[in-house]
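Remarks on the structure that follows.
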Amino acid sequence: MDPAPLMGGCHKERKGGVDKLAIEGGVKLKGEVTVSGAKNAALPIMAATLLTDDACVIKGVPFLRDTNTMVKILRSLGKNVEFENGVLTVTGSKKLNHVADYKLVSTMRASFCVLGPLLGKLKKAKVSLPGGCVIGNRPVDLHLKGIKLLGADVDIDSGYVVANADRLKGAHIYLGGVYGSSVLATDNVMMAAVLAQGKTVVESAACEPEVADLAEFLIKMGAKIRGHGTPIIEIEGVKRLHGASHTIISDRIEAGTLMIAALITRGDILIKNVNFKHLGALIDKLEEAGAVITKPDDSIRVRYSKPLRAVNVTTLPYPGLPTDMQAQLMALMSVTSGTSVITEKIYPDRFVHVAELNRMGANIQKEGPHAIIQGVDVLSGAPVMASDLRASACLVLAGLAARGKTTVSRIYHLERGYENVEEKLKKLGARVWREKE
Ligand code: EPZ
């Protein structure tokens with residue numbers, strides 16, 4: 001079941017042989033493709049299974065490096081986990097371990113979301129701090145503020161967050177930070193608060209669909225939550241949660257990446273299993289650029305019909321344009337005539353892909369949290385290096401549009417978040433294959 005050596009996350013290098021993805025660009029992608037379950041919904045929902053001793057069944061879990069890392073973490077904490085054909089079955093153990101080890105947490109930042117459920121269930125947790133990240137500084141102050149207000153004593157000891165509480169008590173928690181709301185901090189606080197005594201109100205909560213999906217799962221487990229999907233979430237603590245079954249929402253970032261694949265290759269793709277309500281900001285931006293987008297049933301068809309216009313882009317918390325689409329939009333704007341300015345409001349340093357795009361002939365200048373892009377006629381295939389998940393997607397998109405061959409090294413970054421990406425692209429006509437580094 002274990003797909004490959006454990007890897008992923010922000011800053012660790014994978015050991016052993018690594019693949020790179022080779023792309024011969026210039027093919028217009030055409031056909032149908034189905035989006036997988038959302039990684040960023042699956043990971044906290046998997047962590048939420050720690051809140052009960054009963055069995056939980058989660059369907060539509062994408063088979064990715066990150067979800068496999070979370071399987072390892074759950075097992076290390078004492079859960080029994082089976083993962084087959086997208087169905088994850090988690091059953092309880094006699095004794096839950098409250099220590100989430102550095103070796104696992106450091107490979108994937110999202111593992112930090114075991115803090116809330118461990119604290120909620122056991123009233124104690126020791127979770128390694130996730131460490132640095134190539135997309136910029138990623139503090140955890142909001143996570144800690146939230147659990148402290150719920151009554152936990154929190155210490156930082158030898159790189160671990162050590163949290164203990166005699167009991168957790170509902171509280172009024174303002175969770176807004178310098179860059180707005182926090183997805184995983186909202187998840188952590190919600191998962192700690194569901195088993196607290198009394199009522200918790202989270203203000204400036206993240207509204208991302210993945211947070212709402214976690215809330216839906218918790219409700220199925222018996223939690224009392226209202227307002228999820230809005231900036232104010234109310235949680236009435238309950239004594240215990242039971243097992244539940246749930247299907248993960250579709251991955252809006254994978255869908256968005258495929259939408260851009262259609263446009264950057266001047267193709268025509270029908271993308272299935274899409275909730276287009278989750279993609280409002282992106283659809284609006286792509287239509288402004290001149291894309292032809294239709295929405296038959298639970299699908300989106302994206303068609304290139306005429307040269308696109310350069311558009312300005314600003315990333316924002318949901319329902320704004322997601323930071324997780326910024327790099328892919330930059331690839332598209334780099335081959336769109338005119339000047340566009342991309343402003344990153346969530347992670348002002350999330351621009352590692354700029355230098356690699358420029359290696360392929362793009363004309364992009366970074367100015368603080370802005371990238372100024374002068375569209376060029378065509379990119380030229382080159383060896384480039386992936387540095388994080390969405391930057392990898394951006395380079396693959398650029399390679400699909402470029403003249404000649406592109407090789408994207410450190411492709412394990414892509415495998416953290418895109419299920420069967422090679423097969424999906426091939427099915428759409430792309431010339432992609434794996435090579436050894
Ligand atoms: C989630 O990360 C996603 N990860 C990220 O996706 C995504 O980029 C990010 O949300 C923003 O949408 C998962 O869901 C697993 P945040 P998260 O806390 O929750 C600041 C991908 O490519 N902040 O919402 O860790 C933070 O620095 C990944 O799939 C604090 O200041 O992000 C940022 O500026 C990468 N203090 C802003 O909030 C804190 O305690 C939003 O980050 C926490 C965050």
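The values are calculated or read from the model by the stated rules, or taken from the named source; none is laboratory data. Model, not experiment: these values are computed from the prediction. Note that each Cβ is placed from the backbone with ideal geometry, even for glycine, and that neighbours are counted across all protein chains shown.
What the table below lists for this structure:
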item: Helices (runs of 4 or more DSSP H) wholly inside the stretch 106-205 that include at least 1 residues being surrounded by fewer than 19 Cβ atoms within 10 Å (Cβ to Cβ) and near the ligand (Cβ under 9 Å from one of its atoms); result: 141-149
item: Every pair of residues 6+ apart whose Cβ atoms lie under 6 Å, when the first sits in the stretch 170-194 and is within 18 Å of residue 110 (Cα to Cα) while the second is more than 6 Å from the ligand (Cβ to nearest atom) and charged (D, E, K, R); result: 183/208
item: The lone exception for residue 326 - which of (1) surrounded by fewer than 20 Cβ atoms within 10 Å (Cβ to Cβ); (2) within 30 Å of residue 230 (Cα to Cα) it fails; result: (1)
item: Flag for residue 48 being touching a Pro at 6+ places or on another chain (Cβ under 6 Å), at pLDDT 95 or above and either within 19 Å of residue 216 (Cα to Cα) or not charged (D, E, K, R) (or both); result: yes
item: So residue 325, is it out of contact with any strand residue (DSSP E or B) (no Cβ under 6 Å at 6 or more places or on another chain), in contact (Cβ under 8 Å) with a residue 60 or more places away in the chain, in the same structural domain as residue 264 (by TED's automatic domain parsing) and closer than 26 Å to residue 416 by Cα; result: yes
item: Odd one out for residue 345, checked against (1) within 16 Å of the ligand (Cβ to nearest atom); (2) more than 21 Å from the chain's Cα centre (by Cα); result: (2)
item: Condition broken by residue 88, with the remaining ones in (1) surrounded by 19 or more Cβ atoms within 10 Å (Cβ to Cβ); (2) modelled with pLDDT under 95; (3) not in a helix (DSSP H, G or I) satisfied; result: (2)
item: Subset of the stretch 206-237 [part of a strand (DSSP E or B) and either within 16 Å of the ligand (Cβ to nearest atom) or farther than 21 Å from residue 178 by Cβ (or both)]; result: 224, 225, 226, 233, 234, 235, 236
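Here is a yes/no grid of residues against (1) among the hydrophobic types (A, V, I, L, M, F, W, C); (2) modelled with pLDDT under 95:
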position	(1), (2)
367	no, no
410	no, yes
414	yes, yes
425	yes, no
428	yes, no
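Residues are listed down the side, and each one gets a yes or a no for (1) under 17 Å from residue 260 (Cβ atoms); (2) surrounded by fewer than 19 Cβ atoms within 10 Å (Cβ to Cβ); (3) without any contact (Cβ under 8 Å) to a residue 12 or more places away in the chain:
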site	(1), (2), (3)
353	yes, no, no
356	yes, no, no
361	no, yes, no
367	no, yes, yes
373	yes, no, no
379	yes, no, no
